[in-house]
1. Taking just the alpha carbons, could you work out the radius of gyration and Dmax for the stretch 118-206, both in angstroms?
2. Which whole-number percent is the relative contact order of the stretch 1-117 (Cα, under 8 Å, 6+ apart)?
3. What angle, in degrees between 0 and 90 and rounded to the nearest 10, separates the Cα long axis of helix 56-75 from the longest principal axis of the Cα atoms of the chain?
4. Percent relative contact order of the stretch 89-200, based on C-alpha pairs within less than 8 angstrom and at least six residues apart?
5. Would you mind calculating the relative contact order of the chain from Cα pairs under 8 angstrom and at least 6 residues apart, reporting the percent as a whole number?
6. Kirkwood Rh, Cα Rg: Rg to Rh for the stretch 1-124?
7. Under a 10 Å cutoff between Cα atoms, tell me which one of Gln57, Gln107, Gln128 has the largest fluctuation in the Gaussian network model of the chain.
8. Could you work out how far helix 3-23 tilts from the main Cα principal axis of the chain, as a 0 to 90 degree angle to the nearest 10?
Amino acid sequence: MSLTNILLWLVPFLLIAAAFFSFRLKTFRGLRYKIYGAILFAAFLSDLTGFSFRADQFDTVIKMLVLFVISEACWNLLRIKNRIAAKVLIFCCIAVFGLIYSSWIFQGPKNAERLWKAETVDRYKNDQAEYVVKERRLLKGIKKVRVFELYKNINSLPLESKIRTWEAAEGYYGADFNYRWSYSYSGVRLDLISGKDTLWTLGEQFK
C-alpha cells in the first residue's frame, strides 16, 4: 500500500478537520463566504446540467471543496448555546457523512485512485461526436459494486455529459465485458456483453 493511496483516501477526513479550524477563523470571513457560494453554485450547475470534466480528478476536487464548505457550516452548529442540541446536530452531520461516503470509507486506502478517477474501458467516435464508457469498482458496505457510465464529450471543451449509468449484478463483478457500439438518428447505442449475453444497453434514446 503506497503512501500516495493513503493520503488520497485521507483527504475528506483531513478536510473535515481543516474546516473546524476554518470556522474558528475570523479573518477574511466575508471573502471566504463569497468563494464558498461560488463553489456551491458551480457544483449545483454541474449536477443540474449533467456536465462534468473529462478528467475525473477535477470533479472529485469539486466534491471535496463542497465537502469542506458543508463541513464548516456544520461546525458552526457548535455556536448553538444549547450544548445538548449542538452535540445531537453534530452527531447527525457525522451520520450523514458516513452514509454519503460509505463507499469511500469501506473501500479503504488500498485502491484509492479508483475513488478519484474512473477507468475508461472503451470509446467510440464518429462524425457527430465522441463517446466513452467508464467503469467504477466500488464497495457499498460489504457488497462489491461495478458501475458503467456512458458519457458524450462536449466538442473541443474539456467537458463531458453523462448519458446513462448501469450497475452490474453482483455475480458479474469479476466478469469480462465486451462493448458493441452502433449509431442511428436517435443517437449512440452501447450494448454491454458478457460471454454471449447482452446484459444491458445504454444509449441516448434511453434517457
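Bear in mind that the values in this text are calculations on the coordinates, not laboratory data. As the structure is a prediction and not an experimental result, all values here were calculated from the model. Using ideal geometry, Cβ is built from the backbone for each residue, glycine included, and neighbour counts are taken over all protein chains shown.
1. Reported Rg and Dmax, both Å: 13.5, 44.
2. 47 percent
3. Once rounded, the angle reads 30 degrees.
4. Working: 164 pairs, mean separation 16.6, N = 112.
The normalised contact order for the stretch 89-200 reaches 15 percent.
5. Computed over the chain, the figure is 16 percent.
6. Reported Rg/Rh (Cα atoms, Kirkwood Rh): 1.01.
7. Ranking Gln57, Gln107, Gln128 by mean-square fluctuation puts Gln128 first.
8. Around 40 degrees separate the two axes.
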